[in-house]
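Participant: To start, I am sharing the structure in question, which I have written as structure tokens.
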Amino acid sequence: MEKSITIGYTECGLKELSVDDRKLVEAAIQATSTSYAPYSDFHVGAALRLDDGTVVIGSNQENVAYPSGLCAERTALFAASAQYAGHAIESIAIVARNPEGALAGASPCGACRQVMSEQQNRQGRKMRVICFFSDDKILIFDSIESLLPFSFEM
């Protein structure tokens with residue numbers, strides 16, 4: 001039996017975002033400045049908003065002993081779990097800077113998608129994912145299922 005999956009998302013520009021989402025994207029942009037990426041020169045920032053409005057940031061942290069580094073998304077997710085246990089994550093925004101320092105498109109890697117999926121399952125409510133590609137192209141997914149429809153579950 002053949003089946004198909006439909007992925008829904010919203011595409012908009014920075015000016016079309018709500019005030020809260022714009023602030024979240026701006027926090028992710030700022031987080032790129034704390035990235036340690038001497039090997040890839042690809043600086044990623046993530047910012048997530050908790051259910052109480054708290055914003056937690058993360059940035060990618062590389063290490064010469066690859067794969068000992070960590071992506072921005074997981075840095076933020078793990079920091080939120082450690083520092084704000086019991087708070088649900090409402091949204092996460094992801095932004096990158098290319099080697100020239102210009103803002104560049106960013107979408108979570110497979111490992112980050114799996115961690116987001118488990119976090120969403122743990123908290124029992126959907127987590128929005130905001131991927132910044134440019135001021136004119138931002139993709140908003142209502143939940144991680146749209147980015148990882150067949151997550152690993154125990």
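Bear in mind that the values in this text are calculations on the coordinates, not laboratory data. Quantities reported herein were computed from a predicted structural model and do not represent experimental measurements. Neighbour counts run over all protein chains shown; Cβ positions are idealised from the backbone, glycine included.
Participant: Positive end of the dipole of the chain, charges at C-beta (+1 Lys, Arg; -1 Asp, Glu), about the Cα centre: which of Ser91, Gln120, Leu48 has its Cα farthest in that direction?
Facilitator: Sorting the options by dipole projection puts first Gln120.
Participant: Compute the Cα gyration tensor for the range 1-76, then decide on rounded, prolate or oblate, letting a ≥ b ≥ c be the square roots of its eigenvalues: rounded whenever a/c is under 1.5, prolate when a/b is larger than b/c in the other cases, and oblate in all that remain.
Facilitator: Numbers: a/c = 2.09, a/b = 1.22, b/c = 1.71.
Because a/c hits 1.5 or more and a/b fails to exceed b/c, the range 1-76 counts as oblate.
Participant: So how much slack lies between Ala102 and Lys15, counting 0.36 nm per residue of separation and subtracting their Cα-Cα distance, in nm? Mind dumping the intermediate values first?
Facilitator: On the way: separation 87, 0.36 × 87 = 31.32 nm, distance 1.86 nm.
Working it through step by step, the gained length comes to 29.5 nm.
Participant: Now, a different point. If I model the range 101-141 as equal point scatterers sitting on the Cα atoms and use the Debye formula, what is log10 I(q)/I(0) at q = 0.15, 0.23, 0.28 Å⁻¹?
Facilitator: For the range 101-141 at q = 0.15, 0.23, 0.28 Å⁻¹, log10 I(q)/I(0) is -0.44, -0.80, -0.96.
Participant: Go ahead and estimate [θ] at 222 nm for the chain from helices alone: -39,500 (n - 2.57) per DSSP H run with n ≥ 4, summed, over the residue count, rounded to 500. Show your work: numbers first, answer last.
Facilitator: Values: 3 runs with 39 residues, N = 154.
Rounded to the nearest 500, it is -8000 deg cm²/dmol.
Participant: Fully extended, how many nm does the chain gain between Thr6 and Arg22 (0.36 nm per residue separation, minus their Cα-Cα distance)? Write down the numbers at each step before the final one.
Facilitator: Working: separation 16, 0.36 × 16 = 5.76 nm, distance 2.69 nm.
Going from the current span to full extension adds 3.1 nm.
Participant: What distance in nm lies between label points placed 7 Å from Cα along the C-beta direction at Asp135 and Glu153?
Facilitator: Going from the Asp135 label point to the Glu153 one covers 4.2 nm.
Participant: Moving on to the next point. Any idea what the dipole of the range 1-150 comes to, in debye rounded to 20, about its Cα centre with Lys/Arg Cβ at +1 and Asp/Glu Cβ at -1?
Facilitator: On the way: 13 positive and 18 negative charges, 53 e Å.
About 260 debye.
Participant: Where a ≥ b ≥ c are the square roots of the eigenvalues of the C-alpha gyration tensor, would you call the chain rounded, which needs a/c under 1.5, or, failing that, prolate if a/b is larger than b/c, or oblate? Can you show the working numbers first?
Facilitator: Numbers: a/c = 1.29, a/b = 1.18, b/c = 1.09.
Since a/c stays below 1.5, the shape of the chain is classed as rounded.
Participant: Quick check on the range 55-101: take the gyration tensor over C-alpha atoms, sort the square-rooted eigenvalues as a ≥ b ≥ c, and tell me if it's rounded (a/c under 1.5), prolate or oblate.
Facilitator: On the way: a/c = 3.58, a/b = 1.53, b/c = 2.34.
Verdict is oblate for the range 55-101.
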